[in-house]
Amino acid sequence: VEVCEAGLKFEANNKEILKELTIAQEKLDVKRQEQKKIDAEKAKTMLQESKGKRALTKACDDRGVRLGECVYGGAVQGGQSQDAYIDDEAALHWPVLFLYDEFDQSDYFQDTHELATVQGCLDMLFDKESPPPEWDPE
């Protein structure tokens with residue numbers, strides 16, 4: 001567009017330059033429209049994320065839950081850490097990490113419902129029907 005406009009300063013009625021200018025402006029308009037769509041999609045996504053975070057904060061406040069800094073963020077399961085979230089039924093979900101320091105082992109639940117108990121999680125991990133973990137046969 002700039003090149004065509006510069007050319008028209010020298011030859012204002014040049015049909016070839018006018019034709020190229022029209023084509024360039026149409027292409028520029030298409031690109032601008034595409035960028036507007038991309039920007040609108042990004043804004044929509046950011047708004048949804050913001051709403052989700054506000055809902056999570058409100059749900060935690062309502063329940064008296066304080067979420068602290070994620071200490072083990074990328075260090076669990078190859079960096080597959082899951083953030084806390086609130087589901088469609090207004091139930092909180094968050095990751096739970098069990099550490100067994102004396103054995104240098106851990107277990108990680110990516111998605112734990114707020115009504116789940118520690119005992120319930122441990123019952124799943126150490127099922128009486130299954131053999132004990134090899135790192136702690138007792």
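The values are calculated or read from the model by the stated rules, or taken from the named source; none is laboratory data. The structure presented is a predicted model; accordingly, all values stated were derived computationally and were not measured. So basically every Cβ, Gly included, is an ideal-geometry build from the backbone, and we count neighbours across all protein chains shown. Accessible surface is based on the protein model in full, side chains and every heavy atom, while ligands, DNA and RNA are left aside. Shrake-Rupley method; radii C 1.70, N 1.55, O 1.52, S 1.80 Å.
Considered as a group, the residues in the range 90-116 that are modelled with pLDDT of 90 or more and assigned to a loop (DSSP other than H, G, I, E, B) include one that is most open to solvent (accessible area, probe 1.4 Å), and that residue is L115. Answer yes or no as to whether R54 is within 29 Å of D87 (Cβ to Cβ), without any contact (Cβ under 8 Å) to a residue 40 or more places away in the chain and open to solvent by 100 Å² or more (accessible area, probe 1.4 Å). Judged against the criteria, R54 is a match. Candidates are the residues of the range 117-136 that are open to solvent by 100 Å² or more (accessible area, probe 1.4 Å) and assigned to a loop (DSSP other than H, G, I, E, B); the one that is farthest from F98 (Cα to Cα) is E129. Just one of the numbered conditions (1) open to solvent by 100 Å² or more (accessible area, probe 1.4 Å); (2) modelled with pLDDT of 75 or more; (3) under 19 Å from Q110 (Cβ atoms); (4) of a type in the set (A, V, I, L, M, F, W, C) is not true of V71: (2).
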